[in-house]
Amino acid sequence: MAKRTFSFGLPKGSATKKKGSVKMGTNFLKRMLELHKSGMPIGDCVRLMQQRLSDPSLKDVASQLWRELSEGRPLHEALSQRPDLFPQVVVRMIEAGEATGKLAPIMENVVEYLDEREAIRSSVLGGLAYPCFIVSMAVGGAAFLIGFLLPRIQKMLDGLGSEPNFFMRALLGSSDLAITTGPFALIGIIVGIIALFQWRRTDTGRKHTDAFLLKIPLVGSIISA
């Protein structure tokens, strides 16, 4: 009687795709551009990077691009398979470079554009760090006042038997309201944020959230830059 062997390995193609970043795609384009400017064809550049790169993430990108190029696809179609690394505008610029025969100069412009966009985003995030710190301190101070300090003031006033004025009654009422409903409101906000991120992972959710962000005056100009 023949022995049966059971395999518990995952089927081919079931592994999750690794997510990259535009910054990683920029580093890949920089290395490919250096080889291409030395006179090496794009296909040979990608194949050499597949063999020589020490970074596992970039090596995987080179392997995927080499498979696409070896099947006869042009470079822009190969890059379009990784939208997490190469935005649509980059793919279109590479396509224009291939069509005009001026791939190297356009790749230089692409790398320069991506570097400038990353610098703008870094400067904007750096500029938002201090306002975010101030807002967090203000929220923390308000939470300390409402949740800790005001209840003790109320106990002190009750012990003295004095009647609080209108503003003190309003503060004490808001403190009681925040203590009773605050945890439920916080849980609702957290659940809403998680649901929003889950919805954004879908094509419809990403389309609607991107359209909303682009309508915001300052944020829209930064994202589209």
Just check segment 27-85 against the gyration tensor rule for me: Cα atoms, a ≥ b ≥ c as the square roots of the eigenvalues, rounded for a/c under 1.5, and otherwise prolate or oblate depending on whether a/b exceeds b/c. rounded
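Starting from the residue with the highest accessible area, list 113, 130 in decreasing order, probe 1.4 Å. Numbers along the way, then the final one.
Working: 113 60, 130 155 Å².
If we order 113, 130 from most to least accessible, we get 130, 113.
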What accessible area, in Å² to the nearest ten, does a 1.4 Å probe give for residue 207? 150
How far, in nm, would the chain grow between residue 96 and residue 116 when pulled straight, counting 0.36 nm per residue and subtracting the alpha carbon separation? 5.1 nm
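Set the bar at 21 Å for Cα to Cα. Now go through 19/102; 59/207; 23/59; 19/207; 37/102 and name every pair that lies beyond it. It would help to have the intermediate numbers written out before the result.
Numbers: 19/102 30 Å; 59/207 31 Å; 23/59 15 Å; 19/207 19 Å; 37/102 11 Å.
Too far apart for the 21 Å limit: 19/102; 59/207.
The values are calculated or read from the model by the stated rules, or taken from the named source; none is laboratory data. Remember, predicted model here, so these are calculated numbers, not experimental data. Surface accessibility is based on the protein's heavy atoms, side chains included, excluding ligands, DNA and RNA. Shrake-Rupley method; radii C 1.70, N 1.55, O 1.52, S 1.80 Å.
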